[in-house]
Amino acid sequence: MDEWLKQNRSEYELMMMVMNQFLAQSFYPVPTAPAQSGHYREDHTQSILELLSSFPESHLSLPLKVFSLGPVYDPGHGRWAETVDVEILGEGGPQHEVMAIELIMQLVSRWPNLAGQSLMVLGHLGLLDQAMAAESVLPVVRQQVRQALSSGHLVQAESLLAQASPKTRRLLLPQTYGNFVDALGDTVPEADFDHLSRLEGAISQHMGTRWDLSLTGNWPYYTDLVFSLYLENIGQPLLNGGRFLADVQGRAWHGVGFTLYLDPLYQAVQQEMEWTSHDL
Amino acid sequence: MTFSNVTVAVAKGRILEGTRALWVQRGLTWPVDAESRKLWFSPNALRPGMLIARARDIPTLVAMGIADLGVVGLDVLEEHPNSQILQVADLKFGACRIVLAGRERQWPAGPTRIATKYQRIAQAYFSLHHHPVELVPLSGSLELAPVIGLAPYIVDIVDTGNTLRQHQLVEIATVMESSARLIANPSHWRTKPSLEAVRQILTA
C-alpha cells in the first residue's frame with residue numbers, strides 16, 4: 001500500500017509542478033465541468049471557450065493565456081485520462097504557434113532525459129490543402145481526404161488521391177524536416193518556409209522531429225499546424241495540439257492549444273523525479 | 001533491417017493464414033509452429049514478434065501500443081471503429097463480402113427485421129438507403145434466422161456462399177466488401193525507426 005500511496009503522491013506532485021509552470025508564465029486557470037448536458041467531457045477546449053464566451057466581448061483582452069485541469073473521457077477505450085489543457089487565444093497566427101511550441105519545449109526541458117526520449121511529429125492542414133489544390137484535387141475530394149486522415153484511414157486517403165496526386169502522397173509519410181521541405185517545395189513553393197524553419201529550430205534544439213501531413217489532429221476545429229509529442233516505445237502521445245478556429249455561441253475563437261496527458265508524462269519522468277527527490 | 005523490437009498482432013483464422021503466405025513471400029521467417037498452440041512469439045533479429053488474438057481485440061492491442069502493427073479484416077474495423085489506430089495498407093487478401101440475404105432475391109418490401117452480428121454496418125447501410133429495419137443482434141449461426149422464423153433477412157459475411165446455399169438463402173445485395181488491412185499504432189508508426197522498412201515496402 002505504501003508504494004501505491006507514494007505513487008499517487010508523486011503523480012500529484014507532477015501535476016502541481018506542471019500547473020505551477022503555467023501559472024508562472026501568466027496563464028489563468030479556467031475550471032471546466034467533467035460532464036455537461038449528459039455528455040462526459042472529451043476535450044477541454046470547447047468547455048473553456050463556452051465559459052469565456054459567456055463574457056461580453058468587450059471584457060476580453062487578447063491574447064489570453066488559459067489552462068484547464070482534469071480528466072477527459074476517451075469513448076474509444078471507455079476510460080478517463082488525466083490531462084492539462086493549455087490555450088493561447090487571440091489571433092492564432094504563426095507567432096502563437098511558435099509560442100506554444102516554445103512553451104512545450106520549456107516544459108519538456110525540465111526533465112533532460114525526457115527530451116532525449118521524445119519525438120515531435122508535426123502536420124499542417126493548411127499545407128495539406130494547398131498541396132492538394134496545387135495538384136488540382138477537387139475541393140470535395142480534399143474534404144474527403146481530410147476526413148479520412150482524421151479518422152486514421154490512410155488507405156482511403158491514398159485511394160482518393162490515387163495516381164493524380166503523387167506529390168501530395170509523398171507528404172503523407174513521417175520524414176525529417178530536410179526531406180519534408182524538399183518534397184513540399186516541389187508541391188507548394190509559395191509555402192512560408194521561414195515560419196516552418198522557426199518551428200523546426202525551436203524544437204530541434206531539444207528533440208528530434210518528424211513532419212507528416214497525414215497527421216491532422218483529433219478535432220475538427222484545427223486549421224493549420226497540428227502536432228503530437230511521442231515518447232520512445234510508448235504507444236500513446238504525451239500531448240496533442242494545434243492551431244484552431246472554433247465557432248462558439250456565434251463567436252469565432254482563434255488560438256493554439258494542446259492537451260498534455262499526465263499518465264504517460266509520469267511514466268516517462270518517474271525515475272528522474274525519484275532521483276531529484278533523493279538529491280534533495 | 002532488424003525487427004527485434006517490432007510486434008505484429010494477427011487475427012486468428014483466415015487472416016492468420018493469409019498473413020503467413022504474405023510473410024513467407026517476403027522472405028521472412030514465420031514464427032508460428034504448425035503444431036504449436038502458443039499465441040505469443042517474441043521478436044528476434046530475423047523476424048518481428050507475433051501475437052495471435054481474436055479479430056475484435058486486434059485494434060485494441062495496437063491502439064494500446066502492445067503491438068506496433070496489426071492485421072485484421074476491414075469488416076471488423078468498420079464494425080468496431082477505433083480512432084486511435086491508423087489503417088496503413090490494404091493487404092489484398094482475405095477478401096470477403098458482407099451481404100444482405102433472404103429466401104428470395106428481392107429487396108425487402110417495407111419495414112422488416114434483419115438478423116446480424118454487424119449491427120453498426122447494417123444500420124449505416126439501411127440508413128443510407130432510407131429503409132426502416134429492426135436489427136436482431138446475433139453472434140453466430142445467422143443462417144438459421146430465416147429458417148426458424150426469427151427474421152426474414154440476414155446481414156452476414158460470405159466467402160464462397162456455400163453456407164447460404166445450404167440453408168436455401170440467396171444474396172440480395174452487397175453491403176460492403178472487405179479484405180485484410182494492416183493497421184498501426186500512430187505513435188509507433190510515426191516514430192519507430194524499425195517500422196521505416198515496412199513503410200518503404202508499402203510505398204514501393
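The values are calculated or read from the model by the stated rules, or taken from the named source; none is laboratory data. Here the structure is a predicted model, which is why all the values come from computation and not from measurement. Here Cβ is always computed from backbone atoms with ideal geometry, including for glycine, and neighbour counts include all displayed protein chains.
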Note on segment B:6-31: residues more than 20 Å from the chain's Cα centre (by Cα), part of a loop (DSSP other than H, G, I, E, B) and surrounded by fewer than 19 Cβ atoms within 10 Å (Cβ to Cβ) are B:R26, B:G27, B:L28, B:T29, B:W30
Regarding segment B:93-112, can at least one residue be identified that is of a type outside the set (D, E) and farther than 30 Å from B:L135 by Cα?
no
Just to be sure I understand the filter: pairs with C-beta atoms under 6 Å, separated by 6 or more residues or on different chains, first member in segment B:81-102 and free of Cβ contacts under 8 Å to residues at least 24 places away in the same chain, second member not polar (S, T, N, Q). Which pairs pass?
B:N82/A:G76; B:N82/B:P59; B:N82/B:A63; B:S83/A:G76
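Listed here are the residues, each with its yes/no results for (1) among the hydrophobic types (A, V, I, L, M, F, W, C); (2) in contact with a helix residue (DSSP H, G or I) (Cβ under 7 Å, 6 or more places away or on another chain).
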{"position": "A:S214", "(1), (2)": "no, yes"}
{"position": "A:D224", "(1), (2)": "no, yes"}
{"position": "A:F227", "(1), (2)": "yes, no"}
{"position": "A:E232", "(1), (2)": "no, yes"}
{"position": "A:L238", "(1), (2)": "yes, yes"}
{"position": "A:R251", "(1), (2)": "no, yes"}
{"position": "A:P264", "(1), (2)": "no, no"}
Out of segment A:115-159, which residues are touching a strand residue (DSSP E or B) at 6+ places or on another chain (Cβ under 6 Å) and in a loop (DSSP other than H, G, I, E, B)?
A:G152
Being charged (D, E, K, R), more than 14 Å from chain A (Cβ to nearest Cβ) and closer than 30 Å to B:A151 by Cα narrows it down to one of B:R26, B:R56, B:R20, B:R97, so name that one.
B:R97
Meets criteria (out of contact with any helix residue (DSSP H, G or I) (no Cβ under 8 Å at 6 or more places or on another chain) and not acidic (D, E)) for B:R56
no
For the subset of segment A:75-128 comprising residues that are crowded, with 23+ Cβ neighbours inside 10 Å, hydrophobic (A, V, I, L, M, F, W, C) and within 14 Å of chain B (Cβ to nearest Cβ), which member is farthest from A:G208 (Cα to Cα)?
A:L122
Being within 12 Å of chain B (Cβ to nearest Cβ), of a type in the set (A, V, I, L, M), over 16 Å from the mean Cα position of the chain (by Cα) and under 18 Å from A:L122 (Cβ atoms) is the requirement here; does A:L173 meet it?
yes
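So that you can scan it fast, the table gives a plain yes or no per residue for (1) buried (at least 24 other Cβ atoms within 10 Å of the Cβ); (2) more than 22 Å from A:Q143 (Cβ to Cβ); (3) aromatic (F, W, Y); (4) within 11 Å of another protein chain (Cβ to nearest Cβ):
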| site | (1), (2), (3), (4) |
| --- | --- |
| A:Q205 | no, yes, no, no |
| A:L213 | yes, no, no, no |
| A:N218 | no, no, no, yes |
| A:Y221 | no, no, yes, no |
| A:L225 | yes, no, no, no |
| A:L229 | yes, yes, no, yes |
| A:N233 | no, yes, no, yes |
| A:G241 | yes, yes, no, no |
| A:L245 | no, no, no, no |
As an exercise: evaluate B:E196 against (1) surrounded by fewer than 19 Cβ atoms within 10 Å (Cβ to Cβ); (2) modelled with pLDDT of 90 or more and give the number of the one condition it does not meet.
(2)
Could you tell me which of the residues B:R113, B:R105 is touching a residue at least 60 places away in the same chain (Cβ under 8 Å) and of a type in the set (K, R)?
B:R105
Of the criteria (1) touching a residue at least 24 places away in the same chain (Cβ under 8 Å); (2) within 12 Å of another protein chain (Cβ to nearest Cβ); (3) more than 23 Å from the chain's Cα centre (by Cα), which one A:A164 fails:
(2)
